[in-house]
Amino acid sequence: MSVPLLDVNAQNLPLEAELKQVFENVLRSGRFILGEEVEAFEKECAAALGAKHAISISSGTDALIIALMALGIGPGDEVLCPSFTFFATAGSVHRTGATPVFCDVTTDCFGIDLESAKAKLTSKTKAIIPVHLFGQSSEMDAITSFAKEHGLKIIEDVAQSFGSTYRGRACGTIGEIGSFSFFPSKNLGGFGDGGLVTTESFELCEKMLRLRNHGMHPRYYHSMVGGNFRMDALQCALLRVKLHHIGEYAAGRTRNANYYSRRLSKISGEELILPNDRDHAGHVWNQYTLRVPGRRDELKAHLTEKGIGCEIYYPVPMHRQECFANLPEHSLSNCPISDQLASEVVSIPVYPELVEAQLDEVATAIESFFP
Ligand SMILES: *Cc1c(COP(=O)(O)O)cnc(C)c1O
């Protein structure tokens, strides 16, 4: 039996009848841009996350861009972000004209390392983007005090962690703005691209609503330059169906992660390091990421041969990316843990619909590699 890294059909097809009905409703409504479905989805997301305001956005990448624009970040500014993350975090900063400054991460949650961030502060630093990577929150108390002390805005990159918490608070509601993604592989996976921003600030909400639609208000009057960052009404309507199940999805991922942690704890050690599940972090397990110092590529080949889907998130940290080679020295230096993780990590299937026989197959394959 082969086990894929992700099986979107296992999650979507049980909802087929409902999804078709929703498609038909939107089709017949003739309303495809903004409107009722979009507003309803935003209200429901805000409620699910415990956020004051939620605004749907065309993608998780655009959500980061609009967050940066709303905070007035641009040319001449520097933004601290982890080097070990998906490219969009860094690319979005660069696209605003600001300079991404890459900080190292810690091995306990793969989040930004504040010692590294402190060393990279300059008079130009305006914001910090903690990334809640793989479903687990960064150390938000420390990040919040650090940001306060140095007058920095916080944008939380919650693309991989819809529904995760930090000391009981929803990730995305702690900093100035939270940025989410509905890319199909994320915890709330859509049927195409989509994203969301959350904020507790009425002013930032108003600004982002305007920026989402060309900075227009009222119609054909533009006091600022925005863009087309709207998410389709159809996508919102379809995702409303799945949003009802987000609790089950998170429970499924947690059950699977606990299964692996229980099974693999017997063989974990220097050669196989299991992901941390910190008590104060409500992990939602977008990925179950192993560290395999020295033998990662060998294990990946072994799993692939056994028909087990696995992937390296991420093989090249941001400070090593060709497109960033001309950034200032302090942005690219001293990220040894990011380099180390890029050579050690491999993620295995953890999607909610996995059945026990599949979990057993994955665990058995890993056990057979570490006899
Ligand atoms: C997926 C992802 C994004 C971007 O989301 P898209 O919807 O694909 O544009 C941003 N940051 C992180 C950490 C991600 O994993």
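The values are calculated or read from the model by the stated rules, or taken from the named source; none is laboratory data. Treat the numbers as computed from the prediction; the structure is a model and nothing was measured. Here Cβ is always computed from backbone atoms with ideal geometry, including for glycine, and neighbour counts include all displayed protein chains. Protein only, heavy atoms only, side chains kept; ligands, DNA and RNA dropped before computing areas. Shrake-Rupley method; radii C 1.70, N 1.55, O 1.52, S 1.80 Å.
See the values below:
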| item | result |
| --- | --- |
| Filtered trypsin sites (Lys or Arg not before Pro), the stretch 119-199: DSSP coil and at most 15 other beta carbons within 10 Å | Lys124, Arg167 |
| Computed Rg/Rh of the stretch 115-232, alpha carbon atoms with Kirkwood Rh | 1.01 |
| Filtered trypsin sites (Lys or Arg not before Pro), the stretch 193-301: DSSP coil and at most 11 other beta carbons within 10 Å | Arg219, Lys266 |
| GNM flexibility winner over the chain from His319, His280, His94 (Cα, springs under 10 Å) | His280 |
| Across Lys153/Lys207; Lys120/Lys186; Lys186/Lys306, pairs whose alpha-carbon gap is larger than 23 Å | Lys120/Lys186; Lys186/Lys306 |
| The stretch 94-134: relative contact order in percent, alpha carbon pairs under 8 Å with at least 6 residues between | 33 percent |
| 222 nm mean residue ellipticity, helices alone, for the chain (DSSP H n ≥ 4; -39,500 (n - 2.57); rounded to 500) | -12000 deg cm²/dmol |
| Exposure of Met224 as accessible area (Å², to 10), given a probe of 1.4 Å and all protein chains | 50 Å² |
| Rg/Rh (Cα only; Kirkwood hydrodynamic radius) as it applies to the stretch 246-369 | 1.02 |
| Cα-only Debye scattering, the stretch 44-122: base-10 log of I(q)/I(0) at q = 0.14, 0.22, 0.25 Å⁻¹ | -0.56, -1.05, -1.12 |
| Range of Cα positions in the chain per principal axis (Å), largest first | 68, 55, 36 |
| Beta bridges per DSSP with both ends in the chain, % antiparallel, nearest 5 | 60 percent |
| Theoretical gain in end-to-end length, Ala142 to Glu271 [0.36 nm per residue, Cα-Cα removed] | 43.4 nm |
| Magnitude of the charge dipole, the chain, Cβ model with Lys/Arg +1 and Asp/Glu -1, debye to 20 | 740 debye |
| For the chain, the longest site-free run once chymotrypsin sites (Phe, Trp or Tyr not before Pro) in DSSP loop states with at most 16 other Cβ atoms within 10 Å are removed | 33-219 |
| Within a Gaussian network of the chain (alpha carbon springs, distance under 10 Å), most fluctuating of Gln11, Gln235, Gln321 | Gln321 |
